[in-house]
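Inspection log for the structure reproduced underneath, given as structure tokens.
The values are calculated or read from the model by the stated rules, or taken from the named source; none is laboratory data. On a predicted model such as this, the values are computed, not experimentally measured, just so you know. Here Cβ is always computed from backbone atoms with ideal geometry, including for glycine, and neighbour counts include all displayed protein chains. Just the protein is used for accessible areas: all its heavy atoms, side chains included, with ligands, DNA and RNA removed. Shrake-Rupley method; radii C 1.70, N 1.55, O 1.52, S 1.80 Å.
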Amino acid sequence: MATKAAKQEKKKRRDQPPPALRELLRIPGDGPVDLSSYDTRAIPSGPEDKAAGLAATARLAERLAGLQDRLYAASTAGGTRRLLLVLQGMDTSGKGGTVKHVIGHFNPAGCRVRAFKTPTAEERSHPFLWRVRRALPEPGEIGIFDRSHYEDVLITRVRELVPRRDLGRRYGQINLFEQSLADTGTTVVKVFLHIGYEEQRARLLARLDNPDKHWKFSPADIADRALWPAYREAYELALERCSTDAAPWYVVPADRKWYRNWVISTLLLEHLEALDPAYPKAGFDVEGARDKLLRMP
């Protein structure tokens, strides 16, 4: 039988609010990263089943929309704050699906979405961060990257597209770049959508079994799947070397789509609430304008 002290301690833990997701899912950044130690089906916090998860995500919509509105309004009075959501993950991990659900919370007019594909000839003629700088959100905007500058230390490493010496320097360049973003008013939220090997197989098969999804499948997906260990190692290095105080990485269990969507919506909410954007005060005589309007025929 539990002692009175043990019962009190259990009640104390139960009554305490759960830790913020930005603390719970953050890569520590102080040692090697082993992705095999992260459960892709885990539910470390929040709703425990799909029905509860969908309902909880829907309840976040109004709060997220309100914070976005305040962020944009602040920029009209000179505010420089903005937010950038970076989505990375193995094929089928849900980057596109996340974009679809995240955009649903916001006014699309205040969002800037960019999906980074294979670099064009022009992009290859510039330093690797050139095309990323051109896609950054403006003050008051929320930017979403479907893939990002991290492709230049992921696929380039796995496919050996650049010399290892040059590749090694890119981690430092990325850290300096993200620090500069933080220093000039950009909150960077980097999410690794962590999907399991068998879950990826199931999702690829689902695309093959549905003619309406064939456009989303490429035979190259099978070739990339054969390189799963190499991609995992490349991700582990990127997460280890580029999780900083200015721009930490968050590992999101992505096998359950409903949970993935709730987690990312909640991460965005936590970061926007930390920014606490405010509507600017009127730069004119409000009562005088009201009086003139009421006096007009």
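Mind listing just one residue for me: the one in the range 274-290 that is in a helix (DSSP H, G or I) and among the small types (Gly, Ala, Ser) and, of those, nearest to the chain's Cα centre (by Cα)? Looking at residues that are in a helix (DSSP H, G or I) and among the small types (Gly, Ala, Ser), I get Ala274. The residues of the range 93-107 that are open to solvent by 20 Å² or more (accessible area, probe 1.4 Å) and not hydrophobic (A, V, I, L, M, F, W, C), listed by number, are Gly96, Gly97, Lys100, His101, Gly104, His105, Asn107. Across the range 49-78, the number of residues qualifying as over 15 Å from Cys111 (Cβ atoms) and of a type in the set (S, T, N, Q) comes to 2.
Answer yes or no as to whether Asp34 is open to solvent by 80 Å² or more (accessible area, probe 1.4 Å) and either at pLDDT 75 or above or under 30 Å from Asn107 (Cα atoms) (or both). Taking the combined requirement at face value, the residue does not satisfy it. Scanning the range 60-90 for residues being within 26 Å of Ile195 (Cα to Cα) and either at pLDDT below 95 or of a type in the set (Gly, Ala, Ser) (or both) gives a total of 2.
Is it the case that some residue within the range 150-165 is within 15 Å of the chain's Cα centre (by Cα), under 19 Å from Leu267 (Cα atoms) and in contact (Cβ under 8 Å) with a residue 40 or more places away in the chain? No, the conditions are met nowhere in the range 150-165.
Counted as qualifying within the range 149-245 are the helices (runs of 4 or more DSSP H) with 3 or more residues that are farther than 21 Å from Ala115 by Cβ and open to solvent by 80 Å² or more (accessible area, probe 1.4 Å), namely 164-183, 197-209, 228-241.
All of (1) at pLDDT 95 or above; (2) open to solvent by 80 Å² or more (accessible area, probe 1.4 Å) hold for Leu267 with one exception: (2). Would the range 108-127 turn up any residue that is open to solvent by less than 30 Å² (accessible area, probe 1.4 Å), over 26 Å from Arg256 (Cα atoms), assigned to a helix (DSSP H, G or I) and small (Gly, Ala, Ser)? Taking every residue of the range 108-127 in turn, at least one turns out to be open to solvent by less than 30 Å² (accessible area, probe 1.4 Å), over 26 Å from Arg256 (Cα atoms), assigned to a helix (DSSP H, G or I) and small (Gly, Ala, Ser). Checking each residue in the range 39-54 for being assigned to a helix (DSSP H, G or I) and surrounded by fewer than 17 Cβ atoms within 10 Å (Cβ to Cβ) picks out Lys50, Ala51, Ala52, Leu54. When you look at Thr57, is it surrounded by 14 or more Cβ atoms within 10 Å (Cβ to Cβ), touching a residue at least 40 places away in the same chain (Cβ under 8 Å) and more than 19 Å from Glu199 (Cβ to Cβ), yes or no? So Thr57 fits the description; yes. Can we say Gly66 is surrounded by fewer than 20 Cβ atoms within 10 Å (Cβ to Cβ) and on the phi > 0 side of the Ramachandran plot? Spelling it out, it is not the case that Gly66 is surrounded by fewer than 20 Cβ atoms within 10 Å (Cβ to Cβ) and on the phi > 0 side of the Ramachandran plot.
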